[in-house]
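Take a look at the structure below.
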Amino acid sequence: MSDELKVVASVSSEAEAEMVRDRLLAADIHAIAQRTIGGPQWGFSGARDVFVDARDLDRAHEVLKAEEGSFSDEELARLSDEAGREAGEP
């Protein structure tokens with residue numbers, strides 16, 4: 001990645017951020033997610049911004065637009081459960 005990162009998406013949870021990152025990675029676009037507010041005390045909950053390299057921004061938007069609305073409730077629940085286990089929650 002270059003030094004210039006751009007926000008490609010803002011999502012409401014770590015689980016959604018992970019799904020966005022997975023979809024982008026499947027298109028060979030590397031991405032990172034960062035909390036939009038708060039700190040580690042917020043755990044895995046809370047909004048996230050997903051960043052990509054500036055040179056990949058347009059292509060990343062195309063990938064996400066093509067897959068818009070394709071996140072299933074089951075996929076969200078599974079990722080949310082996984083994030084909770086990784087954070088040490090019961």
- Extending each Cα 7 Å along its Cβ direction at Asp3 and His30, get the distance between those two points in nm, one decimal. 1.7 nm
- Query: Taking K and R as +1 and D and E as -1, what net charge do the other residues with C-beta under 11 Å from the C-beta of Ala47 add up to?
  - Reply: -1
- What does the charge add up to near Ile29, with Lys and Arg as +1, Asp and Glu as -1, over the other residues with Cβ less than 12 Å from its Cβ? -1
- Query: So what's the net charge close to Asp58: Lys and Arg +1, Asp and Glu -1, counting the other residues with Cβ under 12 Å from its Cβ?
  - Reply: +1
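Since every read-out is calculated from the coordinates, none of them should be taken as a lab result. None of the values given here were measured: they were computed from a predicted structure. No Cβ is skipped: glycine too gets one built from the backbone with ideal geometry, and neighbour counts run over all protein chains shown.
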